[in-house]
1. Heavy-atom accessible area per residue, chain B, 1.4 Å probe: how many Å²?
2. Cysteines without a disulfide-compatible partner in chain B, using Cβ under 4.7 Å as the rule?
3. Out of the GluC sites (Glu not before Pro) in region A:1-93, which ones are loop residues according to DSSP with at most 14 other C-beta atoms within 10 Å?
4. Using the Karplus equation 6.51 cos²θ - 1.76 cosθ + 1.60 (θ = phi - 60°), what ³J(HN,Hα) coupling, rounded to whole Hz, does each residue of region A:59-73 give in order, writing x for Gly and Pro?
5. I'd like the per residue volume of the convex hull spanned by the Cα atoms of the protein assembly as shown, given in cubic angstrom.
6. Can you give the local net charge around B:R59? Use residues other than it whose beta-carbon is closer than 10 angstrom to its beta-carbon, Lys and Arg +1, Asp and Glu -1.
7. Working with all protein chains in place, sort A:T113, A:T13 by solvent-accessible area computed with a 1.4 Å probe, largest first.
8. To the nearest 100 Å², how much accessible surface do chains A and B cover up together, summed over both, with a 1.4 Å probe?
Amino acid sequence: EPEVTQTPSHQVTQMGQEVILRCVPISNHLYFYWYRQILGQKVEFLVSFYNNEISEKSEIFDDQFSVERPDGSNFTLKIRSTKLEDSAMYFCASRPPAGDSYEQYFGPGTRLTVT
Amino acid sequence: RKEVEQDPGPFNVPEGATVAFNCTYSNSASQSFFWYRQDCRKEPKLLMSVYSSGNEDGRFTAQLNRASQYISLLIRDSKLSDSATYLCVVNIVSAGKSTFGDGTTLTVKP
């Protein structure tokens, strides 16, 4: 069964450093998402991406964040200058073309620890 | 008011019990609805989509009431393996946005 993959599984970085979290969505999916979950808290929507552009972004997704689909398979989230409060689990998700299903499938997540 | 509100829980039930979770949403433009399950420190996994006609998958039944903006999940004959956090998710498809509830934690005890 195809699945969303994410790398790395755990990233430790120092405050102020840039990090890039990588995701490989399911191959025929066209809609891509990033979410974060701070330990013990709810899953929070960050951004959705379709047709090589951002469809929607939340208040959390400020100028420090960016997303990119650099090639046909990867979908990345960059945090330009990490803060302590960026420490969280970051989940990538993808869903099939419109009309097929609106169900999103999640990757296993990247745990980001900012020290 | 939160966009998606769930029973706070936690629910602690014995094996074999029937348990029901409720979820309400505030945005009437919401178009699609789901229940996800999340185990500790793992990713959310799709449990089932929720349709107005109601849908059933084995021991799990989901219902949607658009007029009341309310979603429910019923688990019958609960198993130890059902212990998890259950997340209500509401989508506004045109906006490409999904909103998660805070989750309801279920613990099934022997």
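The values are calculated or read from the model by the stated rules, or taken from the named source; none is laboratory data. Computed from a predicted structure; not experimentally measured. Methodologically, a virtual Cβ is constructed for each residue, glycine included, from the backbone with ideal geometry; neighbour enumeration extends over all protein chains shown. Heads up: the accessible areas ignore ligands, DNA and RNA and are worked out on the full protein's heavy atoms, side chains in. Shrake-Rupley method; radii C 1.70, N 1.55, O 1.52, S 1.80 Å.
1. Counting only protein heavy atoms, the per-residue value for chain B is 47 Å².
2. B:C40
3. Qualifying residues, ordered by number: A:E3, A:E18, A:E59.
4. Going residue by residue, I get 5, 5, 7, 8, 5, 6, 9, 8, 10, 8, 10, x, 9, x, 10 Hz, with x marking Gly and Pro.
5. Expressed per residue, the convex hull around the Cα atoms of the protein assembly as shown is 130 Å³.
6. Net charge around B:R59: -2.
7. The ordering from most to least exposed comes out as A:T113, A:T13.
8. Counting both chains, the buried surface is close to 1700 Å².
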